[in-house]
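K.L.:
Below is a structure I'd like to ask you about.
Read-outs throughout are calculated quantities, based only on the coordinates presented, and are distinct from any laboratory measurement. Values in this document were obtained by computation on a predicted structure and should not be read as measured data. Cβ coordinates were reconstructed from backbone atoms using ideal geometry, including for glycine residues, and neighbour counts include every protein chain displayed.
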2 protein chains.
Amino acid sequence: MRRSERIALISNTLSRNPNKIISLNHFSQWLGAAKSSISEDIDIIKKAYKNSGQGDIATIPGAAGGVRYRAKRSLDDINAFLHDLSEVLRDQKRIIPGGYLYMTDIMFSPEYSSTIGEIFAQIFIDKGPSHVLTVETKGIPIALMTARALNVPMVVARRDSRVTEGPSVGISYVSGSGQKIHNMSLAKRALPENSRVLIIDDFMKGGGTAQGMTELVGEFKAQVVGVAMVIATAVPKEKLVSDFTTLLVLEGIDAQKGEINISINEQLM
Amino acid sequence: MRRSERIALISNTLSRNPNKIISLNHFSQWLGAAKSSISEDIDIIKKAYKNSGQGDIATIPGAAGGVRYRAKRSLDDINAFLHDLSEVLRDQKRIIPGGYLYMTDIMFSPEYSSTIGEIFAQIFIDKGPSHVLTVETKGIPIALMTARALNVPMVVARRDSRVTEGPSVGISYVSGSGQKIHNMSLAKRALPENSRVLIIDDFMKGGGTAQGMTELVGEFKAQVVGVAMVIATAVPKEKLVSDFTTLLVLEGIDAQKGEINISINEQLM
C-alpha cells in the first residue's frame, strides 16, 4: 500500500474516533507497514491538520500510548460559526406565541449539534471531564456530541424515574423563572463516585435546572467541572448558577416588531 | 502543499461530513490545487477506502455535484459488532428488578450510538429518507447519529406538547404491551408535507409506540419509508407495526437464573 493510501485511511480512522488513543501497532498491523512508516504518515497528517486549522493530532508515548485526534477551531472560526448561528436564530418566523424562540430544529440538527459539541469539548477538555450530563430532552443531542468529541459517556437525568433503569437518585428543584417545583432523577448505576461532570444544556434562563443538575451531581459524590449552555438569557443577570459558559446571549424578543436580539457571548472571545 | 497532505485534509473533511456533497471547487480553492489534482487525490482515497472496507466515496457529476462519503460496513463487520453488543447486553448485572434490561448506557454511548446510526443509515439510505423521527427520550442518540450519517434533520415527538415549540399536532395511542393510553405530539413546523420519514427507536415490545409515530407521520401528510429498532422482543411475535427492522431480538430474561437470552436478528444477515 502506498503512503498516500495509508494516510487516507489513518486520517479517516482518527477523524471518526475523536479523542480516542489508537496505538501505532493497530495501524501497523492493519495497514501492513512498519511502525516507523506509520509514524512518518502521522507526522504528515499532524502537520497538514495543524497548518489548516482542522484539528490537533497528539502522539502519546508509553505502553498505553498511540495517536489521538481532536477537532480544534481558531477563535476566528468559532466566532464565524456563532455569527452564522445567531443570524439563523434572528429569523422572525422563529417567534412563538408567548414570546418564545423556536430553536428545536437547531438543537436537534446533526450538523449544528456536532459543531457545538466540538466547541464545548475544546473549551472544557483541559478540565478532564469523565462524563457529560444533561437533563431530558432538548439538550441531549448537544450533550451527546460533546461526549463524542471528548470520548466520554453521556448521562441523562430524567424528569421522572423509570422502572427500566433500576434504583435512582432523585431531587426536587425550583425553576429559576417559573417558581415551579420540578423533579429530576438519575439511575444510581449511571454515574460513578468521583466522576468529573461537565453539565450541558441548550438554554438557561434563571439557572434552576443547571442548579438542580449540580445538586444531583453532589448526591453522587461526583464533581462538576463545568456548566455550558448554547444560549442564556441576559435577564435575569444573576443566575442560580454562578459559574457557567454560554455561547450566545438572548437579550430579548420583541414579538410586535418581530425583533430577536441575540448576540455572541463576548467573554468567550 | 504535497499530495499526501491534501489527502489527509480531504479525508478528514469527508469523514466528518457523512453523506454531504462537497464540490471539487471547494477543495481546489481551499488547498490551492488544480481540480484535476484534487480529482486524482479523491481517486486514491476512494480506492483506499474501498479496499479496506472503510466506506464509500462517490463522485456526483453536474453543477451541484462533488464528492460524498458514506461509512459502509461488510455484513461480517456488522455481524461482529452485533455479536459484541449482545455479549455486553447479556451481563446479568443488567437485570433490573421487574425483569427489565438496563440498556441506557449503551443507547446513550457516543460510540455505540454512532456505529448503530451508521448501520441504520446503510440499511435505509436507498429509501431516500428526508427526516429521521423518534419519540423522546431513549431513542434520541441513535436517531441523531442515524440522521448524521444520512445528513438529514432529526425530529423528535414529545410526550406532551411544549409552549416553546408553537402549534403542534398530537395523537393518542395505546401501548401494545401495557394497554395504557399515551400521547405524543410534534411541532407543526418540524416536518414538511411529503417528507420521507425513517422511524427510529431503541426498543420495541408490542409496537404501539412505533404505530403511534406512523400515525403521527400520516397526520403531517408525510410517508414512512422505514421503521428500525435496536432491540425488539421475540414475544409478542405479532407487533402492531408489521414492517420493521431490528438489529437484536430479546428472547427473554430469566431473573432467577440471571440469564438474558438475546440474539442477532437473522433476517438482517
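K.L.:
Considering the options A:125, A:163, A:174, tell which one lies farthest towards the positive end of the dipole of the stretch A:122-180, charges being +1 on Lys and Arg and -1 on Asp and Glu at the Cβ, about the Cα centre.
P.N.:
A:174
K.L.:
Same structure, new question: For the stretch A:1-55, just the Cα set please: Rg and Dmax, both in angstrom.
P.N.:
In order Rg, Dmax, the Cα atoms of the stretch A:1-55 give 10.7, 30 Å.
K.L.:
Taking only Cα atoms and a 10 Å spring cutoff, compute GNM fluctuations for chain B and point out the largest among B:163, B:67, B:174.
P.N.:
Evaluated over chain B, the most mobile residue of the options is B:163.
K.L.:
Within 11 Å, Cβ to Cβ, of residue A:121, how many net charges do the neighbouring residues add up to if Lys/Arg are +1 and Asp/Glu are -1? Display every interim value, and only then the final one.
P.N.:
On the way: positive: A:70, A:72, A:73, A:127, A:148; negative: A:118, A:126.
After counting each charged neighbour, the total is +3.
K.L.:
Arrange the following residues from fewest to most other Cβ atoms within 10 Å of their Cβ: B:100, A:112, B:49. Could the numbers behind the result be given before it?
P.N.:
Working: B:100 16, A:112 21, B:49 24.
Exposure proxy ranking, most exposed first: B:100, A:112, B:49.
K.L.:
Could you give me the ³J(HN,Hα) list for the stretch A:235-243, computed from phi with Karplus coefficients 6.51, -1.76, 1.60 and θ = phi - 60°, whole Hz, x at Gly and Pro?
P.N.:
Result, rounded to whole Hz: 10, x, 5, 7, 9, 5, 10, 7, 10.
K.L.:
Same structure again: Long-range amide H contacts for residue A:248: which residues qualify at under 5 Å (H placed 1.01 Å from N, peptide plane, sequence gap of 5 or more or a different chain)?
P.N.:
Under 5 Å from the amide H of residue A:248 lie the amide H atoms of A:231, A:232, A:265, each far enough along the sequence or on another chain.
K.L.:
Mind checking which of B:228, B:34, B:190 has the largest fluctuation in a GNM of chain B, springs on alpha carbons under 10 Å?
P.N.:
B:34
K.L.:
For chain B, find the longest principal axis of its Cα atoms and tell me its angle to the long axis of helix B:35-52, 0 to 90°, nearest 10.
P.N.:
The helix B:35-52 is inclined about 40 degrees to chain B.
K.L.:
Taking every alpha carbon pair in chain A, what does the distance histogram look like in 10 angstrom bins from 0, in percent?
P.N.:
7, 26, 30, 21, 12, 4, 0
K.L.:
Here is a further query. List, shortest first and in nm to one decimal, how far the label point of residue B:126 (7 Å from Cα along Cα→Cβ) is from its counterparts in the other copies.
P.N.:
Copy-to-copy label distances at residue B:126, shortest first: 5.1 nm.
K.L.:
Output wanted: per-residue J couplings in Hz (rounded whole) for the stretch A:111-125, from phi through Karplus 6.51 cos²θ - 1.76 cosθ + 1.60, θ = phi - 60°, x for Gly and Pro.
P.N.:
Result, rounded to whole Hz: 6, 5, 5, 6, 5, 4, x, 5, 5, 4, 4, 4, 5, 9, 4.
K.L.:
On alpha carbon coordinates alone, what is the Rg over Rh value for the stretch A:176-241, Rh being the Kirkwood radius? Can you show the working numbers first?
P.N.:
Values: Rg = 12.4 Å, Rh = 12.6 Å.
With Rh from the inverse mean 1/r over Cα pairs, Rg/Rh is 0.99.
K.L.:
How big is the Cα convex hull of the protein assembly as shown in projection, averaged over all directions, in nm²? All intermediate terms of the calculation are to be shown ahead of the outcome.
P.N.:
Values: hull surface 101.3 nm².
Dividing the Cα hull surface by four gives the mean projection, 25.3 nm².
K.L.:
Ordered by residue, what ³J(HN,Hα) values in Hz, to whole numbers, does the stretch A:217-226 give under the Karplus form 6.51 cos²θ - 1.76 cosθ + 1.60, where θ = phi - 60° and Gly and Pro are x?
P.N.:
Coupling constants for the stretch A:217-226: 4, x, 4, 8, 6, 10, 10, 7, 9, x Hz.
K.L.:
Mind checking which of B:19, B:194, B:51 has the largest fluctuation in a GNM of chain B, springs on alpha carbons under 10 Å?
P.N.:
With Cα springs under 10 Å in chain B, the top fluctuation among B:19, B:194, B:51 is at B:51.
K.L.:
For the stretch B:48-96 and the stretch A:235-268, what is the separation of their Cα centres, given in Å?
P.N.:
Each part's Cα centre sits 41 Å from the other's.
K.L.:
Another one. Given the DSSP H assignment, sum -39500 (n - 2.57) over each helix run of at least 4 residues in the protein assembly as shown and divide by its residue total; what's the result at 222 nm in deg cm²/dmol, nearest 500? Can you show the working numbers first?
P.N.:
Numbers: 16 runs with 194 residues, N = 538.
Mean residue ellipticity at 222 nm (helix-derived): -11000 deg cm²/dmol.
K.L.:
List every residue whose amide H lies under 5 Å from the amide H of residue B:226, counting only residues 5 or more places away in sequence or on a different chain, with H placed 1.01 Å from N in the peptide plane.
P.N.:
The list, which skips near neighbours in sequence, is B:199.
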